[in-house]
Amino acid sequence: MKIIIHVLLMLITALFVCGVSNAQEHESGDGPAYMIIINEANPTTSMARSGVAKLFLKKSGKWGDGVKALPVDQHEESVIREAFSKNVLHKSVSSVISYWQQQVFSGRAIPPPEKATDEEILIYVKANRGAIGYVRGDTVAAGVKVIDVLD
């Protein structure tokens, strides 16, 4: 009987942990946890996920019209950055940080600047025609536009 109770408690605990984890991933309610934004002067309206990843990992440095791409990241402890890194880069934030340490050490590239808030990301993207960033799904502002990310 004690074994059955112990197993039931373990199952309940596992279900609770999964529920809490899922709630954190979908923190913004019914909408997406984040949206990818670019400067409103950029003619791009949609991109493949792999194309967005290449811009953020600086494996591609220009937009289709030749303008230099200027990605900007959320702070490394941001929940939004965690979701973006997982869904778009297919890496954990710590893996992305390791990637950039290797790039810097080898002299190949430096990471995108980090901004502490959505407002700072919006200011950066509005001010730079080649900028691309991501903000909470409920963030709206003039001077930027949301692009669709295709798989």
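General remarks:
- Total residues in the range 66-79 satisfying the condition of being surrounded by 11 or more Cβ atoms within 10 Å (Cβ to Cβ) and under 21 Å from Thr45 (Cβ atoms): the figure is 6.
Matching residues to (1) in contact with a Lys or Arg (Cβ under 7 Å, 6 or more places away or on another chain); (2) of a type in the set (Asp, Glu); (3) in a helix (DSSP H, G or I):
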position	(1), (2), (3)
Met47	no, no, no
Ala53	no, no, yes
Ser60	yes, no, no
Lys86	no, no, yes
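- One residue alone among Lys126, Lys59 is among the charged types (D, E, K, R) and either in contact with a His (Cβ under 9 Å, 6 or more places away or on another chain) or more than 22 Å from Lys145 (Cβ to Cβ) (or both), and that residue is Lys59.
- Among the numbered conditions (1) in a loop (DSSP other than H, G, I, E, B); (2) touching a residue at least 40 places away in the same chain (Cβ under 8 Å), the only one that Arg108 does not meet is (2).
- Considering the conditions (1) over 20 Å from Gly66 (Cα atoms); (2) surrounded by fewer than 18 Cβ atoms within 10 Å (Cβ to Cβ); (3) not hydroxyl-bearing (Ser, Thr, Tyr), Arg129 is excluded by exactly one of them, (1).
Only the coordinates and a few stated rules stand behind these numbers; no lab work does. Bear in mind the structure is a predicted one, so any value in this text is a computation, not a measurement. Note that we place each Cβ from the backbone using ideal geometry, even for glycine, and neighbour counts take in every protein chain shown.
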